[in-house]
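Comments concern the structure below.
Each value in this text was obtained by applying a stated rule to the coordinates, not by laboratory testing. Owing to the predicted nature of the structure, the values given are computational and were not obtained by experimental measurement. Methodologically, a virtual Cβ is constructed for each residue, glycine included, from the backbone with ideal geometry; neighbour enumeration extends over all protein chains shown.
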């Protein structure tokens, strides 16, 4: 179904109601932090079920649920990063590893922040061409090949403690690709980290920590835009239900990803992404979706 518009912003989620948004919240939460593209699933599942497209505004706002999940799961890392970097800055110890990592994460967020602002009208507009199923399908297939190539070539030796400024910036640049629906922020950054030789679990950890500022800013920006639309109580309550459900399912998504990467590899996600992309392309070509 076509998107719903409110002053040019895609707000299809409002028409779905609590039950459907809760179901999509589970889907969004799980897929947001797995390298399989939450946008692809949020376009595919409603299309198959004949539901209203929840819209890009819903997907962007749901990233705040991912923030809650990441901070909860990696609390020790997040706390150590925040406390130790501030302490090092106060003492003038600018060569401290925690301060450097925090600074690198901030600098690595700049590319996607700038690109997101420049492309915001195209990304969040109603019926955006970038949310087309064909675009998403090809993005899924392309990222499946890239993640597979990274898995084959990766040395899986490095840890975050061994990272350099260039690593953070390269992963930050890879994160820009996530602006294209179907690429997946987790997928693009995990692929980059693996290609740089990080261990699988360390690559995922680095991906999540580096992505915290970006997903927080994206979610808050979308909430700010929705606030200026003067949406009613019903719209906000529907969104809150989605956020609450997605926060819990996102935590489960992180847990699942870390278990798979620690015990196996990223190949299950490569295969899944490739199959998903082909299914979307086939459905779009046949006119089923």
### Task
With a 10 Å radius around each residue's Cβ, average the other Cβ atoms per peptide and rank 246-254, 86-94, highest first.
246-254, 86-94
### Message
On a full-extension model of 0.36 nm per residue, what is the gain between residue 134 and residue 285, subtracting their alpha-carbon distance, rounded to one decimal in nm?
### Response
53.5 nm
### Distance between modelled label sites at residue 157 and residue 94, nm, 7 Å Cα→Cβ extension
3.2
### Task
Specify, per residue and in Å³, the volume enclosed by the convex hull of the alpha carbon atoms belonging to segment 171-289.
139
### Query
Taking 0.36 nm per intervening residue step and subtracting the Cα-Cα distance, what contour gain separates residue 106 from residue 164 on full extension?
19.5 nm
#### Entry: Kirkwood Rh and Cα Rg combined as Rg over Rh, evaluated for segment 27-85
1.14
### Task
Provide the packing ranking of 227-239, 194-206, 144-156, i.e. peptides ordered by the mean count of other C-beta atoms within 10 Å per residue, highest first.
194-206, 144-156, 227-239
### Task
For residue 45 and residue 278, compute 0.36 nm times the residue count separating them, minus their Cα-Cα distance, and round to one decimal in nm.
82.4 nm
### Nitroxide proxy distance, nm - points 7 Å out along Cα→Cβ at residue 228 and residue 255
3.9
### Task
May I have the pair-distance distribution P(r) for the chain, computed from all Cα-Cα distances with 5 Å bins from 0 and rounded to whole percent?
1, 6, 13, 17, 19, 17, 12, 8, 5, 2, 1, 0, 0
### Task
Return the distance in nm (one decimal) between the two label points of a simple spin-label model at residue 72 and residue 173, each offset 7 Å from Cα along Cα→Cβ.
3.6
### Message
Restricting to DSSP H runs of at least four residues, report the calculated mean residue ellipticity at 222 nm for the chain, -39500 (n - 2.57) per run over all residues, nearest 500 deg cm²/dmol.
### Response
-25000 deg cm²/dmol
